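Accompanying notes for the structure given below.
The values are calculated or read from the model by the stated rules, or taken from the named source; none is laboratory data. Worth saying up front: this structure is predicted, and the values here are computed from it rather than measured. Cβ atoms come from the backbone with ideal geometry, glycine included; neighbour counts cover every protein chain shown. Each accessible area value is taken on the protein alone, full model and side chains, heavy atoms only, with ligands, DNA and RNA left out. Shrake-Rupley method; radii C 1.70, N 1.55, O 1.52, S 1.80 Å.
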Amino acid sequence: MSSGNTIFGDVELARGRPYAERGDSEPAFHDRIAVALHGSTVGLVAGAISRGYGDLSRIVAATAAWEERFEGLSDPDLQAMAVGLRERLRRTGFVFECVAECFALVRIAAVRTIAQRHYDTQLIAGYGLLRGLLVEMATGEGKTICATLPACTVAIAGYPVHVITVNDYLARRDAEKMQPVYDFLGLSVGTVVQGLDKNLRRQAYACSVTYCTNKELAFDYLRDRVATQGRSSRLHQALRRLGGSDSGQEGLVLRGLHYAIVDEADSVFVDEARTPLILSATGAGTEEGADCAAALEFAASLIAGEDYAVNPFERRVSLHGPGLAKLEQYVAGRQGIWTSIRGREELIRQALSALHLYRLDQHYVVVEGKVQIVDESTGRVMPDRAWERGLHQMIETKEGVVPTPRRETLARLTYQRLFRRYVHLSGMTGTAAEVSREIKAVYGIDVARVPLHRPLRRVYQGATFCPSLEDKWNRVADVASSLALGAGRPVLIGTRSVEASEQLSAVLTRKGVRHALLNAKQDAVEAEVIAQAGQPGRVTVATNMAGRGTDIELGDGVESKGGLHVILTEYHDSRRVDRQLFGRCARQGDAGSCEAIVSLEDDIFAVCVPLASAMLRHAARAGIMVPIMFRALRVLAQRSAERRDAAIRKQNLKQDRQLNRALAFTGTGE
């Protein structure tokens, strides 16, 4: 799309692959230096310009002109126009006039099928997506219907489209909600969610537009790579078909990485990119339980600071000399993994990590006798994920759960490398400005900020810093009670962990404040609970960004009372996530307000800036409250966390490249 005419532009496709995807060449050393210098100089000015919507707005008038011509046509006539557009789009590419004509068809189709008409701002955003940008649209500005504009345009041209969301509910909901629009234009829609078998997945990806989650897509891609190991080229595939050996069961699930629209792109590109994707299979059974139990017992006997050190900021444990000496005595006469120096030291480090770095109802929950990881960026459980290198089995043993067998790695890939393989990539989110430079450097796409459809009426009421957690929860409960019971306004309270949500729930219950509780233990009813959060006098406690993507409709009389009030109870590692939570109120010109009520004992302060937070806690207890010092503490803590997470993502990408080069040298794939 860089040429403006064709979706492939001057993209170099990967060679020796069974379907279309972008080549994954690593830039040379001098090119990386040039990009870094450009980003810190000229790129700053260019980035500021690109974040405006600039010439994207010209699509509005052009679409309106075509819409006026089409309004009097019958449905069959409009559908015939869509058929005619395919040939023109394939012949001339995505030239401006064809795009405007297609957008007008989609706009009219939406009016006639779902009784919704795309706003002008959604046309601007849709054109930005088609041009390969990451579009920043404020929360509640209608990303779901906006995506139909570029999705239909590309699908009408005959290219497969993937609309990628962050969870199964949103993928299923968005596909069902927008399907009448696609049906009207003669396009098929598929949905890929957890639990589908291979044939159903293949059928879904064979549709014109496929709605899926980032995790399902990533693992389907990895399974394709494993299935075609050593025989993945188009020549190999053709020879197999000629020989009659391609039974269909052995066939690929995907049909190429052509065009992707990534919803909540900052979450996918940045937050979830900290962890590499690993496709694994169950390994052979071992004496995992007994070894883990022994390691935990020994680790619990060690003395912190003397035998070992824990670095919560980097999530790292190191054994000291005295601890290693005790370990040597402990393993006398033991067999198995205990006879290996590296093996036993790793086992004890994992045991110490399980004891001191991973907490129940914060990093994981136990549901139906299983340890399930909680995604720290979304607050949702990830039932299909497991920690590697025996950590998961160690935590299962710690919680009295029967350890699951270790899993053997079949393939590994990072989100950074996966999404860069799309021939054409775009995304949309409400918060991207803070990470625009990283997204440009890693994924090669610019950020464009789209104007609001209606003026913003959100009122930010500032931040309150409390000396202790107890003070914080009491303050939050009092504010919620005053607004909900006294003023009849709905209140949404965001927490960072299951543990914190339940602590607050207990305080609210004690104070007689009726409320709805939503955390990783109730994620099955997530959308329903969040959708009701705007009703008069309703108090909702939700972990992190639970319900992200679900509209909160204001109940009768709420608008005149001030709208939804959002309370942030703990700053997140990224400023973007704070903005996302505040963005739940005052959507589409509604009234609304927000505030932060935090504690100096919160993890982000204790972990990221321990000395500074300890000094300010002491000052607060002594009655010395200097607001500017607390605001500076927040900035320092979040910047430290953001730098740490950025370094982790950079290191993951570096390791992924090194591993890929090593595997390529041996003749294997990912």
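Things worth noting here:
- Given R0 = 56 Å, the distance between the Cβ atoms of I114 and A332 translates into a calculated FRET efficiency of 0.20.
- FRET efficiency estimate (nearest 0.05) - Cβ-Cβ, I341 to R385, R0 30 angstrom: 0.50
- Taking all protein chains together and a 1.4 Å probe, the residues T148, T113 rank T113, T148 from largest to smallest accessible area.
- Heavy-atom accessible surface of the chain, averaged per residue, reaches 43 Å², computed with a 1.4 Å probe.
- Most to least accessible of Y571, Y460 (protein chains only, probe 1.4 Å): Y460, Y571
- Pairs spanning more than 29 Å between alpha-carbon atoms, out of K370/K650; K143/K440; K215/K650; K143/K472; K215/K654; K326/K398: K370/K650; K143/K472.
- Antiparallel DSSP beta bridges within the chain, percent to nearest 5: 25 percent
- For segment 58-64, backbone phi angles converted through the Karplus equation (6.51, -1.76, 1.60; θ = phi - 60°) give residue-by-residue couplings of 5, 5, 5, 5, 5, 5, 4 Hz, Gly and Pro being listed as x.
- Amide H partners (placed H, <5 Å) of G537, local residues excluded: R489
- Label assignment, P(r) over Cα pairs in 10 Å bins from 0, in percent derived from the structure, set (i) 3, 12, 17, 21, 22, 16, 7, 2, 0; (ii) 3, 13, 18, 18, 15, 12, 10, 6, 3, 1, 1, 0, 0, 0; (iii) 3, 14, 23, 25, 20, 11, 4, 1, 0: (iii)
- As a length-normalised measure over Cα pairs under 8 Å and 6 or more apart, the relative contact order of the chain settles at 15 percent.
- Taking segment 598-649 and dividing mean pair separation by its residue count, relative contact order in percent (alpha carbons under 8 Å, at least six apart): 41 percent
- Of the accessible area of the chain, computed with a 1.4 Å probe over protein heavy atoms only, carbon and sulfur atoms account for 53 percent.
- Paramagnetic reach from E553 (point 7 Å along Cα→Cβ, amide N under 18 Å) across segment 451-494: 490-491
- Accessible-area value, M625, 1.4 Å probe, nucleic acids and ligands omitted, Å²: 90 Å²
- Accessible area per residue was computed with a 1.4 Å probe on protein heavy atoms; D168 scores about 40 Å².
- Solvent-accessible ranking of E559, E176, E642, largest area first, probe 1.4 Å: E176, E559, E642
- Electrostatic bookkeeping for A82 treats Lys and Arg as +1 and Asp and Glu as -1; over the other residues with beta carbon under 12 Å from its beta carbon, the sum is -3.
- Here K561 is the anchor, and the aspartates and glutamates within straight C-alpha reach of less than 16 Å, apart from those fewer than 8 places off in the same chain, are E553, D590.
- Accessible area of R657 in the full protein assembly, 1.4 Å probe (Å², nearest 10): 40 Å²
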